[in-house]
Amino acid sequence: LGVIHIVRDPRDLINSLKYHWSLSDDYEAMNKLLDEQNATGIKIDKDKDYSFPVMISSWNEHYNSWKKIKKNYLLIKYEDLINNPELQIKVIIKYLQKFIKFEINDKKIQNIIKTTTFDNFKNLEKKGLFEESNLNQSGEKKTFFNQGPNNNWKKSLNQKIIQKIENKCLDEMKELNYL
C-alpha cells in the first residue's frame, strides 16, 4: 500500500556498519556505505546453509531508489525519531490511518514511545526476544543493538572520512538538511 522510509545521516552509519559487519576500521565501513555494488546474503532457511544476495547499493543510491516511490511515500529521518518521537509517531499514525482504521489516544502514544526505546529493545534482545543479530568473527552471536542514539559521528570520525561521505552524498545530504 505504501512505504515508510526511515533514513539516517550517512556519517552516523559508519560505526553501525563497522560493528554490524565486523569490519576492521572506519575506512572499510565507509567503502561499504559508498559502494554502489554493495550486497548482502540473506538466509532462506535456518536448517539449510544457503542464501541469496540482496542488493543494498550505496547510501545515496539506496535513498534515491526509495524516494522514487511517489504514491503513499512517507519519509522519516532517524534523527527526528530520536529528537521528537511523539511528533514522529503522530505523523506515522496519520499516515497509517489512510489505510487502516484504528483508534489512538495519548496514553497509547506514550506506551508506543516507552516500548520502542533503544533501551527497551536492548533489554528485549537480552531476553532472547530479538533475532536480527549477526555473528562476530569467532562465530558467536553478537548484540544487534549497539550504540543507537549514543552514536555520534562528530566525536568518532576523522575529517577525511567525513569529507569523502559529504562529497559522494552531497545532493542527498543537502536535500535532507544534513548539510
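The values are calculated or read from the model by the stated rules, or taken from the named source; none is laboratory data. Computed from a predicted structure; not experimentally measured. Side chains included, ligands, DNA and RNA excluded: accessible areas come from the protein's heavy atoms. Shrake-Rupley method; radii C 1.70, N 1.55, O 1.52, S 1.80 Å.
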*asked:* Just to compare against my own numbers: the Cα pair-distance distribution for region 94-179, 10 Å bins, whole % per bin, please.
replied: 13, 23, 29, 29, 6
_At 1.4 Å probe size, with the rest of the protein present, what percent of the exposed accessible area of the chain is carbon and sulfur atoms?_
52
*With every protein chain left in place, what is the accessible area per residue of the chain in square angstrom, probe 1.4 Å?*
67
*Which of the pairs K68/K101; K67/K142; K18/K94; K32/K90; K154/K174; K127/K174 have their Cα atoms more than 29 Å apart in this structure?*
K67/K142; K18/K94; K32/K90; K127/K174
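If you wrap the chain's Cα atoms in a convex hull and average its projection over all directions, what's the area in nm²? List each step's numbers first, then the result.
On the way: hull surface 49.5 nm².
Projected over every direction and averaged, the Cα hull of the chain covers 12.4 nm².
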